[in-house]
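Let me begin by presenting the structure, written as structure tokens, before commenting on it.
The values are calculated or read from the model by the stated rules, or taken from the named source; none is laboratory data. Everything numeric in this text was worked out from a predicted model, so none of it was measured. Please note: Cβ atoms are built from the backbone with ideal geometry, for glycine as well, and neighbour counts cover all protein chains shown. Side chains are part of the model used for accessible areas, which takes the heavy atoms of the whole protein and leaves out ligands, DNA and RNA. Shrake-Rupley method; radii C 1.70, N 1.55, O 1.52, S 1.80 Å.
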Amino acid sequence: MTESEHSASASPRKSRSIASLRPLLPALGAACALLALWLGWSAWQQYRSDNLEAALLNARDGVVKTTADAVTRERDHLSAKLASAPVQEALVAGDLAVAAQQIAANWTGVEQVEVLPVDLDAAYAALPKTGYGKLGVAEASVAGDKPAAWIVRDAGGARLALSAPAKVGATLVGVAYARLPLARATAAIEASNIGDDSYLALRQGSHSVVERGDSSLGTGAEVLATAVPGTDWRVAAALPDITGAPFGLSALLCAIAAVVFALLALFAFRTSRKLQPVGPEATVHEASPTLAQALEQEPSAPPAPKVKDIPAPPQAPGPVLIDRSIFRAYDIRGVVGQTLDMGVAELIGQSVGSLMADKGLTDIAVGRDGRLSGPDMVAGLIEGLRKAGRNVIDIGMAPTPVVYFAGFHLRTGSCVSVTGSHNPPDYNGFKIVVGGETLSGDAITDLYARIAEDRLHEASTPGNWQHRDVSDDYIQRIASDVQIDRPLKVVVDAGNGVAGAIAPQVLSTIGAEVTPLHCDVDGTFPNHHPDPSDPRNLEDLVRMVQRLDADLGVAFDGDGDRLGVVTRDGKNIFADRLLMLFAADVLERNPGAVIVYDVKCTGRLPGQILRHGGSPLMWKTGHSLIKAKMRETDAELAGEMSGHFFFKERWYGFDDGIYAAARLLEILASKPQSPSEVLNALPDGVSTPEINIEAPEGDPHGFVERFRNTAKFEGARLSTIDGLRVDWPDGWGLVRASNTTPVLVLRFDADSRDGLLRIQEAFRTQLLAVRPDLKLPF
């Protein structure tokens, strides 16, 4: 072939090649243009966000400094007044009233000054009139041996409260208390220039004293929080979430990339116009295939579904019978194969889904413990939820607290934990949260009523299902909140419950040296029953702690929402004493906070809460009932004798044995004493653990009602909040009906062994008067 012939034959090929590129250039140009716009917008957003953040942090730091300076001036003024000659003369004379007058003299704006007796007994006796906040700041100044500044509720509103030890030489003779207008503490933040696109707040504990800007940003404001020096306050700050930078690029690199892609877009558009065919070249191209031909040549695969569709579980023929007795006071619980099966679980799921539909809620997280019946129960539950049109996120096998956490973390607001808790292996059940509320009482009864009355919603299209593991998220969330000051050697006994799959890792991550014991998940519970409230179930743990010379041992129940603790010397630290320790810690940062405890807790607990400046509140036993009371009273902490602990401070307010263990290690590691010394120093008396007695005719509620109506206890105070609790000056006793098993629950507590025996005998007499054949172990 000659050169001219070769050139002639190449020309059509070149034309066809250029022609084949022409249709792609406009699309390439459009893509580059879109990328340029996206990157340019991202650059602008980052630039704007950086400026907003810089302005906000500058405002935050200004508020911190100005507030600290203002409080320091007032605190120094109080100290100077206490050291002045007129005040010292009054203190030497023991005239605390005159000392208070001298302190208040010429103090501009001060509303009230008192000098309280050093023992504070009269102030405690006058509660609640005295004010929990006033006592809290007074106790703080004495404990710290220096002036303290708190924001408290006094005189009908929020005030700045100052307190300082009143001394003559080195001798403490009283406690000075001064009340000033709140503006002395809040003037700086009130004057701050904060727009609606950011957030700033002065906080004490979990309470926001003053908020500026967009309050909806408050939940994430702790990330940028800074402490106010010399106080327990902090200034929290937040900005709206800005979509992450593309490919992790900075604002400058985004701008440069935007310019590059804009130039590429311009080049593509101009080149495509130059390649428009003219003359004879317009006919030199290969025929494009028709749509039918393209489909025949390259059939398209259907897109992969985003959500996995699971088949419905097998259905038993005929109607499903459901036993009303499984719908308890604060959850659903029954025996698998008798009152629970897959069909019942499906009806429960559809009933929960119907309630969600009524409330306009679409998404729900579901998890289960390690019981052998768990997979079947979850399959039925999910089928019922999907039948009601709800979208299900299945987190798999997980402790109940992790299921609760998933409701927050995945922002579903609703969740169900399939668990039999601490009951025997053949039990299972459902702990249910809908729209952030743990169902109990009438709400549980309504689930049964929906089924019995055939008021179940059935959606035209089943809800979706997807799997999501949140274990790592849970571990990291705790580790970001709790890190212990020194390593502690801890033995963890999960009783072969589901907590064994995650609790050792949590405690290791926060800095503990962990030895697992019975942490292999086994739904038959082969080693011992997973109930740490029964001392017999702690015997293996006690032996292992002593064998390893560990600092302490922690135990969890079957689904991980309850905690038990033993010391190196083998002592079982009951939950009500642990609550004393937790309350003292929480009240350091939240003076005046409400602390809720159940009727089974020791009579020494409320005194400890008061002593640390808190407000004690006794309530009914039951995890959902306690959570409801916490929401009602805005309590920071709650606990039950059974080992449920509920932290709202720094956590989500649900019962979590694993998180409680982490907080316990945090407190113990911060003390110079050994963990055994700290725990053994908690106020104690002579008490029994929970005593469970089989209820006559299997009806504990009926028996307790008869007992409450007929029992007579002379010279004692009776409480019927939950069962019958009888308090004497030196101790108390309780009989209540269990809401989970057909038993009577008894507990006794006294200052001495003789007192305990006397109280038990009084109860024995009254119990046998109602039922002479009742078998009592005391």
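Quick notes on this structure:
- Relative contact order (%) - criterion: Cα under 8 Å, at least six apart; region: the chain: 9 percent
- In the structure shown, the pairs 359/600; 134/629; 65/629; 489/600; 627/775 are assessed against 29 Å; a Cα-Cα span above that value is assigned to 359/600; 65/629; 489/600; 627/775.
- Ranked order, 478, 393 - accessible area, probe 1.4 Å, largest first: 393, 478
- Distance histogram for the stretch 90-161 (every C-alpha pair counted, 10 angstrom bins, percent rounded to whole numbers): 17, 49, 33, 1
- Taking all C-alpha pairs of the stretch 579-704, those more than 21 Å from each other amount to 43 percent.
- Accessible carbon and sulfur surface of the chain relative to its total accessible area, %, 1.4 Å: 54 percent
- Close amide-amide hydrogen proximity is noted between residue 422 and 558, each under 5 Å apart and 5 or more residues distant or on a separate chain (H modeled in the peptide plane; Pro and chain starts excluded).
- Placed amide H near residue 653: partners under 5 Å, 5+ positions off or other chain: 647, 648
- Stokes-Einstein D in µm²/s, Kirkwood radius over Cα pairs - the chain at 4 °C with 1.567 mPa s viscosity: 42 µm²/s
- Evaluated over the stretch 95-214, the Cα radius of gyration and Dmax, each in Å: 16.2, 54
- Cα shape, the stretch 362-456, gyration tensor, a/c 1.5 rule: rounded
- A simple packing score, the average count of other Cβ atoms within 10 Å per residue, orders the peptides 63-71, 498-506 as 498-506, 63-71, with the highest score first.
- Other-chain or far-sequence residues with amide H under 5 Å of residue 743's (modelled H): 695, 738
- Surface exposure of the chain, expressed per residue as accessible area with a 1.4 Å probe, stands at 45 Å².
- Share, in percent, of DSSP beta bridges within the chain that are antiparallel, nearest 5: 75 percent
- Within straight-line cross-link reach of residue 167, aspartates and glutamates at Cα separation under 18 Å, skipping those fewer than 8 residues along the same chain: 76, 89, 95, 114, 119, 139, 145
- Seen against the Cα atoms of the chain and their longest principal axis, helix 623-633 is set at about 80 degrees.
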